[in-house]
1. Any idea which of (1) modelled with pLDDT of 90 or more; (2) over 26 Å from residue 12 (Cβ atoms); (3) in contact with a helix residue (DSSP H, G or I) (Cβ under 9 Å, 6 or more places away or on another chain) is the one residue 72 doesn't satisfy?
2. Can we say residue 36 is part of a helix (DSSP H, G or I) and touching a helix residue (DSSP H, G or I) at 6+ places or on another chain (Cβ under 7 Å)?
3. What single numbered condition from (1) farther than 26 Å from residue 83 by Cβ; (2) within 14 Å of the chain's Cα centre (by Cα); (3) surrounded by 12 or more Cβ atoms within 10 Å (Cβ to Cβ) fails to hold for residue 69?
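The values are calculated or read from the model by the stated rules, or taken from the named source; none is laboratory data. Being a predicted model, the structure only gives us computed values, none of them experimental. With ideal geometry, Cβ positions are generated from the backbone for all residues, glycine too; neighbour counts draw on all protein chains shown.
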């Protein structure tokens, strides 16, 4: 019974990650655009986050640091890396 529950939980987490994948992919895509713009302006990443509004900082923190988003972030990062190499 313990293995069955573990497999269901793991399967549910993978399903949730796949559902969240399009949202995280668009988030990572925007982060990469912001990074290119930041580098073109010659400002550091700390300065970029300091210039963000409080709401933007909180959204960024939650999207990057939430345990539920780890799987989706990994999948989205892999997908972005594969698409950007082409």
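1. (2)
2. It is false that residue 36 is part of a helix (DSSP H, G or I) and touching a helix residue (DSSP H, G or I) at 6+ places or on another chain (Cβ under 7 Å).
3. Of everything listed in (1) farther than 26 Å from residue 83 by Cβ; (2) within 14 Å of the chain's Cα centre (by Cα); (3) surrounded by 12 or more Cβ atoms within 10 Å (Cβ to Cβ), residue 69 misses just condition (1).
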